[in-house]
1. Report in % the part of the accessible area of the chain that belongs to carbon and sulfur, leaving out ligands and nucleic acids; probe 1.4 Å.
2. Taking 0.36 nm per intervening residue step and subtracting the Cα-Cα distance, what contour gain separates GLU14 from ALA29 on full extension?
3. For region 1-46, state which GluC sites (Glu not before Pro) are in a DSSP loop and have at most 15 other beta carbons lying within 10 Å of their beta carbon.
4. Under a Cβ-only charge scheme (Lys and Arg +1, Asp and Glu -1), can you give me the dipole magnitude of the chain about the Cα centre, in debye to the nearest 20?
5. In terms of modelled amide H atoms, which long-range or inter-chain residues lie less than 5 Å from the amide H of ILE34?
6. Considering only protein heavy atoms, what per residue accessible area in square angstrom results for the chain with a 1.4 angstrom probe?
7. Determine how many Å³ per residue the convex hull of the Cα atoms of the chain encloses.
Amino acid sequence: MLCQCPEAVEYQKEKALKNVSVLFIEDAAPEKRIGKGIVGILRAAVGEIYSGGLAKVTLNLRAFERR
């Protein structure tokens with residue numbers, strides 16, 4: 001996870017996207033699922049983090065927005 005070669009970075013990015021899925025989308029418990037718009041933000045943020053555009057992202061979700 002510390003290597004910065006292109007293959008390692010791609011692996012890290014794919015692992016991060018899988019984590020989004022596990023935590024918030026189809027692999028998540030029904031009460032933890034979030035809307036498509038928020039999923040899009042998270043996926044875009046992962047891309048920006050691994051391309052160097054962002055260092056980190058914090059989202060505060062409202063309970064009623066979770067689906």
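1. About 57 percent, which is the carbon plus sulfur part of the accessible surface.
2. 3.3 nm
3. Filter output for region 1-46: GLU26.
4. 300
5. When sequence neighbours closer than 5 places are left aside, the close amide H contacts are ARG67.
6. Per residue, the chain has 76 Å² of solvent-accessible surface.
7. Enclosed volume per residue, from the Cα hull, is 85 Å³.
The values are calculated or read from the model by the stated rules, or taken from the named source; none is laboratory data. Being a predicted model, the structure only gives us computed values, none of them experimental. Every residue, glycine as well, gets a Cβ built from its backbone with ideal geometry; the counts of neighbours run over all protein chains shown. Heavy atoms of the whole protein, side chains included, go into the accessibility calculation; ligands, DNA and RNA do not. Shrake-Rupley method; radii C 1.70, N 1.55, O 1.52, S 1.80 Å.
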